[in-house]
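Scroll down for the structure; my scribbles are underneath it.
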């Protein structure tokens, strides 16, 4: 329990609601974690198949691409920005790396790196528009979303590149290590390692502190000597690279690179971030919350499916969760000093 | 005025124009070692422009700034800070979501020694926290037990204390405070005044910009009165009353 401004005053005993508010304020991961736990227990009771190793590994597999996208999205939302082009960059990067490896005949490792470079460059374009031209991130990424999807159709001729035509490295992310009935894909391992890396970078490096400070109050950060333009640019560029990695994982998941998937990925990545307790107003939250948020989406989709709920109502449930999460965030932010 | 010591910070006939508006009209300023110099003036007298010129937030059109007798030019606040001039802006410049230690070291974080710091770029959180705690207690901000507490959970006076502690910790030459007591209640305002005295007593000269005459007269060693873009008087608060100062400031009385 944190001591607050009331050091001079007589402390009133806090109500349960106030204490909860303070607790959630201090640790934004608690809320999403509780939701995830309750959901897992509830769905396990409804259908015993839910809590089987095979099904849980399916849930993890299903959330891997979205979670990786949401990781990049988290970095941007922490700076009080938003990226509507996340899915577009991922899908376009996956097409590019697939075409490099097939049509262009570039060796697979190089094709992969070129794909990553393209994703990074697309993120950098967002970053330049946000920091140099000083356009709102929403508008910038709305524009680049449309542009990247359009270029994607042009470059790919709207044709799918089959996984069988690609070198093994391109679809390697879909291979899995069996642990009993649990199948852990290499894509999921990459995703989890990236979450670990960024959890560290955000809490233990100066860069991380600067990301939070910039999102908290950009003017205060600038006056404190932080080069906020550089921080923002680094965040959009890094997110671009993460989206390209998500594109690679996507090839493994689908066993192909298709230009016609992923329109829903843009918003799904934002959903995962919001459910994970990261505030859309910036400066609050973190990547561990986002991982939990992505798992919440996966658990709900899968659990509702097993419970026999129709697909259309699954979307309804996820939407409801988002609204509750954002309302909760508003309430938490009102913590009185 | 008798110049007993070389001024730490000196401005000579600074000028700044915005089109036809003259913000600073050949203004001077002298800050002596170990003193609290209050800068007062009516709205539009050019005191904030003058201060911005000293803290690097504004580049004067002409005139000279001397730090320890050496001419200096600041193109941005970072350069002034590198030269040892720390400014606490009215807007505080703290990141509310970060904790006290993080805020104290914001923009100049310290890394761990060895490969953890150089390769993994790991921050020395423990070291920064204990150093932050030391700075805060040196300034008598003892009520802040928890250095890991988020700044947004602090009161206005405590936030001000964090900002002042940061400037005192890193300012090697001069600390400039812009309206540090403006948003505070009586009790907290007095605490911050004590903090300002503590900073001076540690040997750092302070420039204090304030509208609050009782506060100015309580802590200032000398009072610089700015009027119509220039310094028209420097008075000793022991020899003049508040109404004298206000009269000079508004032009109702001639400067002494």
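Each listed q (0.07, 0.08, 0.09, 0.12 Å⁻¹) maps to a log10 I(q)/I(0) for the protein assembly as shown, found by the Debye formula over equal Cα scatterers with no solvent: -0.54, -0.67, -0.80, -1.14. The distance from the alpha carbon centre of region B:189-206 to that of region A:61-119 is 54 Å, rounded to a whole number. Averaged over the residues of B:109-119, the number of partner chain Cβ atoms lying within 10 Å of the residue Cβ comes to 1. Angle of helix B:186-201 to the longest C-alpha principal axis of chain B, folded into 0 to 90 degrees and rounded to 10: 90°. Of all the options A:265, A:212, A:200, the one that moves most in a Gaussian network model of chain A with Cα springs shorter than 10 angstrom is A:200.
Springs join every pair of Cα atoms under 10 Å in this Gaussian network model of chain B, and among B:15, B:181, B:91 the largest mean-square fluctuation is at B:91.
Here region A:8-156 is treated as a Stokes sphere of Kirkwood radius computed over C-alpha pairs; at 4 °C and 1.567 mPa s its diffusion coefficient rounds to 67 µm²/s. Helix B:156-170 axis versus longest C-alpha principal axis of chain B: approximately 90°, rounded to the nearest ten. Give the distance, in whole Å, between the Cα centre of region B:220-247 and the Cα centre of region B:2-36. That distance is 14 Å.
Against the longest alpha carbon principal axis of chain A, how many degrees, from 0 to 90 and to the nearest 10, is the axis of helix A:311-333 turned? Here the helix axis deviates by roughly 40 degrees. Here the Debye sum runs over all C-alpha atoms of region A:263-337 as equal scatterers in vacuum, and log10 of I(q)/I(0) at q = 0.11, 0.23, 0.26, 0.27 Å⁻¹ comes out as -0.30, -1.04, -1.21, -1.27. Of A:74, A:205, A:146, the residue with the greatest mean-square motion in the GNM of chain A, using alpha carbon springs below 10 Å, is A:205. With R₀ fixed at 56 Å, the C-beta to C-beta distance from residue A:313 to residue B:43 puts the FRET efficiency at about 0.35.
The rule of thumb for compact globular proteins, 2.2 N^0.38 Å, goes into the C-alpha radius of gyration of region B:158-256 1.12 times.
The label point for residue A:281 and the one for residue A:146, both projected 7 Å from the Cα toward the Cβ, are 3.1 nm apart. Roughly how far apart, in whole Å, are the Cα centres of region A:180-212 and region A:284-300? With region A:180-212 and region A:284-300 each reduced to a Cα centre, they are spaced 13 Å. Once the Cβ-Cβ distance of residue A:37 and residue B:194 is raised to the sixth power relative to R0 = 45 Å, the FRET efficiency obtained is 0.35.
Across region B:9-250, the convex hull enclosing all Cα atoms gives 134 Å³ per residue. For every helix of n ≥ 4 consecutive DSSP H residues, a contribution of -39,500 (n - 2.57) applies; sum these over chain A, divide by its total residues, and give [θ] at 222 nm rounded to the nearest 500 deg cm²/dmol. For chain A, the value works out to -23500 deg cm²/dmol. Taking 18 Å as the cut-off, the amide N atoms of region B:44-84 that come nearer than this to a point 7 Å along the Cα-to-beta-carbon line of residue B:5 belong to B:66-70, B:84. In this calculation the C-beta distance from residue A:159 to residue A:110 is compared with R0 = 30 Å, giving a FRET efficiency of 0.85.
Could you order the peptides B:109-122, A:95-108 from most to least packed, using the average number of other C-beta atoms within 10 Å per residue?
Result, highest mean Cβ count within 10 Å first: A:95-108, B:109-122.
Any read-out appearing in this document is the output of simple, stated calculations on the displayed coordinates, not a laboratory observation. All figures in this text were calculated on a predicted structure; none of them were measured in a lab. Note that we place each Cβ from the backbone using ideal geometry, even for glycine, and neighbour counts take in every protein chain shown.
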